[in-house]
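The values are calculated or read from the model by the stated rules, or taken from the named source; none is laboratory data. No experiment lies behind these values; they were computed from the predicted model shown. When we count neighbours, we look across all protein chains shown, and the Cβ atoms used for this are built from the backbone with ideal geometry, even at glycine. Protein only, heavy atoms only, side chains kept; ligands, DNA and RNA dropped before computing areas. Shrake-Rupley method; radii C 1.70, N 1.55, O 1.52, S 1.80 Å.
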Amino acid sequence: MPVLEVCKRRLKDGITHTDPELPKIFAEIRSATNVDFVFYSSIENPSDFFALGVWPSKAAWDKYVAWDEEPPFMTALTRVSDFEWIEFAEVNSIKSLPIYAPVMTVTRAFLKGDDNPKEYYRKISDLKGPIEAETKPHPCVFSWTIDTVPESQHKWLMFVGWKSKKHHQDYAEWLRRTPGFEEFPTIPEHYDEGTTHTHTFNMERSAWKQLVKMTCDPLSCLRHIL
């Protein structure tokens, strides 16, 4: 079963997401792994970025990283950034993610126990259709991580494509005040510590001036978002 690798890293001090060395490293990663990785920088904190790629299977990833000798791209990547975390979820293709949207939200959610995972899944599943009607042609994709344990640990990954960060915030505000979506404001009640929502842009397709367009005004940024 194909699996999506989501690896979060942080650029070292003095390195920005526009550093000319990064595209060279990203190209080396694709060439060495034969995986069509995409790289997304955080709008909220541009030093944070995500590497996303779909492997043929988790076993294929395990076999590749069992290096006898560290590949050159890993040495270069470690020189400019630090590892933070990695997750895997069952996703068939990188193109099934909203990678063509100007902005993509990346959610990594930890769910509380008891009935919280079931209720969260139900509420998010009910919202998938309305969200995709708003964001079309960009999809809403979500999945439990492959190491989720039904009895004890639930981790969730979710990706949604938007025109901008403000587009997402305005839609969330619309959901809060629209009849029929009364459960929307209750979704955060199911989150456990460590849950993060990040607005991101493609590091190889975007420039600083586009970041300004994608970022909301300061007051809007204070709104709570899904």
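Odds and ends about this structure:
- Which listed residue, of 105, 135, 145, is within 20 Å of residue 58 (Cα to Cα) and touching a His at 6+ places or on another chain (Cβ under 9 Å): 145
- Conditions (1) charged (D, E, K, R); (2) open to solvent by less than 50 Å² (accessible area, probe 1.4 Å); (3) assigned to a loop (DSSP other than H, G, I, E, B); (4) under 15 Å from residue 200 (Cβ atoms): number failed by residue 9: (3)
- Contact map, the stretch 76-92: residues that are farther than 23 Å from residue 143 by Cα and in contact (Cβ under 8 Å) with a residue 12 or more places away in the chain paired with residues that are surrounded by fewer than 14 Cβ atoms within 10 Å (Cβ to Cβ) and β-branched (Val, Ile, Thr), Cβ distance under 7 Å, separation 6+ or inter-chain. No pairs are found.
- Scan of the stretch 53-70 for residues that are among the aliphatic types (A, V, I, L, M), open to solvent by 50 Å² or more (accessible area, probe 1.4 Å) and part of a helix (DSSP H, G or I), ordered by number: 59
- Restricting 50, 83, 39 to those that are out of contact with any Pro (no Cβ under 7 Å at 6 or more places or on another chain), more than 30 Å from residue 186 (Cα to Cα) and either at pLDDT below 95 or crowded, with 20+ Cβ neighbours inside 10 Å (or both) reduces the list to 39.
- Residues of the stretch 12-36 that turn out to be farther than 17 Å from residue 72 by Cα, in contact (Cβ under 8 Å) with a residue 24 or more places away in the chain and open to solvent by 30 Å² or more (accessible area, probe 1.4 Å), as a count: 6
- Checking residue 99 against (1) out of contact with any helix residue (DSSP H, G or I) (no Cβ under 7 Å at 6 or more places or on another chain); (2) buried (at least 19 other Cβ atoms within 10 Å of the Cβ); (3) of a type in the set (A, V, I, L, M, F, W, C), the condition it does not meet: (2)
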